[in-house]
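Novice: Here it is: the structure, laid out below.
The values are calculated or read from the model by the stated rules, or taken from the named source; none is laboratory data. Everything quoted here is computed from the prediction, not taken from an experiment. Cβ sites come from the backbone with ideal geometry, for glycine too, and all protein chains shown count toward neighbours. Side chains included, ligands, DNA and RNA excluded: accessible areas come from the protein's heavy atoms. Shrake-Rupley method; radii C 1.70, N 1.55, O 1.52, S 1.80 Å.
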Amino acid sequence: SWEVLGPAAKADHLDVLIAGVPRELATSYADLLRAIQMVPVAFEPESFSIARALVGEADTAPTLLIDLGHEHTGVIITEGRRVRMTANVPIAARTFTERISEARKIKLEQAEDIKRKHGIVPNGEGLKNRKVLEPVLDDLTQQIHGFFSYFKTHAPDDVNISGPRKIEKVILTGGDAMLKGLPEYLSEGLGVPVEIGDPFRSVTAKKGITRHPLYTTSIGL
């Protein structure tokens, strides 16, 4: 599917957003839904759902969203609540766990428990994790820097967007977004504020509900 992103600022081009998935993938989801007596009406890439949940109507400044999943990390750049770019980085939650397991010579289950309990805070067990994960975290930071540079040089000329043409903040979501010390680490490396996204920011939720970023895609959808 595709959508023209507003009127063109210049007469010689249009900005067009294109979304696509392999037909086999969409068909497999549709077949599964029909098999359980549900009617598939539409599908959308998870990046759209994530942006809808985390970026508010008033958030017009360019924002970079990092979805830290188990197998891969999704990178989404939004501007004026529109998705401008998406990409995948082969550094994910599993990478962190495996590195801790290998370096500390413990089982993956133990490594996952230590990672979630202590994170990468600069003291105690967290400091041990930080030293192990520094090469991976620095690699992730450098790749994110690359997206900053890409957006700066490829920012679209859209008359509906006003303000700075640079990414002003980063929002973390996904399973490992809650890793203790991660927002501070990335903020120092990227030079912009980094925060954990709240997928319930635009919806009414019962008191006491767990506002975990793991639910971002579902809430956005």
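Novice: Within 25 Å of VAL170 (Cβ to Cβ), charged (D, E, K, R) and open to solvent by 30 Å² or more (accessible area, probe 1.4 Å): does that describe ARG104?
Specialist: Numbers: within 25 Å of VAL170 (Cβ to Cβ): no; charged (D, E, K, R): yes; open to solvent by 30 Å² or more (accessible area, probe 1.4 Å): yes.
Spelling it out, it is not the case that ARG104 is within 25 Å of VAL170 (Cβ to Cβ), charged (D, E, K, R) and open to solvent by 30 Å² or more (accessible area, probe 1.4 Å).
Novice: On to the next question. For the subset of region 176-219 comprising residues that are among the small types (Gly, Ala, Ser) and more than 20 Å from HIS145 (Cβ to Cβ), which member is surrounded by the most Cβ atoms within 10 Å (Cβ to Cβ)?
Specialist: GLY197
Novice: Let me ask something else. Tell me the residue from ILE144, ILE120 that is crowded, with 19+ Cβ neighbours inside 10 Å, of a type in the set (Val, Ile, Thr) and within 30 Å of ALA19 (Cα to Cα), please.
Specialist: Details: ILE120 fails: within 30 Å of ALA19 (Cα to Cα).
Answer to the selection: ILE144.
Novice: Of the residues that make up region 43-52, is at least one open to solvent by less than 30 Å² (accessible area, probe 1.4 Å), within 20 Å of VAL170 (Cβ to Cβ) and not polar (S, T, N, Q)?
Specialist: Yes; the residues of region 43-52 include at least one that is open to solvent by less than 30 Å² (accessible area, probe 1.4 Å), within 20 Å of VAL170 (Cβ to Cβ) and not polar (S, T, N, Q).
Novice: Hey, can you tell me all the residues within region 24-49 that are of a type in the set (D, E, K, R) and in contact with a strand residue (DSSP E or B) (Cβ under 8 Å, 6 or more places away or on another chain)?
Specialist: Listed by number, the list holds a single entry, GLU46.
Novice: Now a separate question. Can we say LEU68 is touching a residue at least 40 places away in the same chain (Cβ under 8 Å), buried (at least 19 other Cβ atoms within 10 Å of the Cβ) and either touching a strand residue (DSSP E or B) at 6+ places or on another chain (Cβ under 7 Å) or farther than 17 Å from PRO199 by Cβ (or both)?
Specialist: Yes.
Novice: Is it the case, given these coordinates, that GLY69 is in contact with a helix residue (DSSP H, G or I) (Cβ under 7 Å, 6 or more places away or on another chain) and not aromatic (Phe, Trp, Tyr)?
Specialist: Answer is yes for this residue.
Novice: Going by what's in this entry, would THR78 be described as open to solvent by less than 30 Å² (accessible area, probe 1.4 Å), at pLDDT 85 or above, β-branched (Val, Ile, Thr) and over 18 Å from LYS152 (Cα atoms)?
Specialist: On the way: open to solvent by less than 30 Å² (accessible area, probe 1.4 Å): yes; at pLDDT 85 or above: yes; β-branched (Val, Ile, Thr): yes; over 18 Å from LYS152 (Cα atoms): no.
Criteria not met by THR78.
Novice: THR153 passes all but one of (1) part of a helix (DSSP H, G or I); (2) of a type in the set (Val, Ile, Thr); (3) touching an Asp or Glu at 6+ places or on another chain (Cβ under 9 Å); which number fails?
Specialist: (3)
Novice: Also: Failed condition for GLU57, given (1) under 20 Å from GLY197 (Cβ atoms); (2) surrounded by 13 or more Cβ atoms within 10 Å (Cβ to Cβ), with all others met?
Specialist: Against the list (1) under 20 Å from GLY197 (Cβ atoms); (2) surrounded by 13 or more Cβ atoms within 10 Å (Cβ to Cβ), GLU57 comes up short only on (2).
Novice: Collect the residues in region 115-158 that are without any contact (Cβ under 8 Å) to a residue 60 or more places away in the chain and of a type in the set (Ser, Thr, Tyr), keeping them in residue-number order.
Specialist: THR141, SER149, THR153, listed by residue number.
Residues checked against (1) in a strand (DSSP E or B); (2) not β-branched (Val, Ile, Thr):
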| residue | (1), (2) |
| --- | --- |
| ILE66 | yes, no |
| ARG94 | no, yes |
| ARG99 | no, yes |
| ALA111 | no, yes |
| ILE114 | no, no |
| PRO135 | no, yes |
| THR141 | no, no |
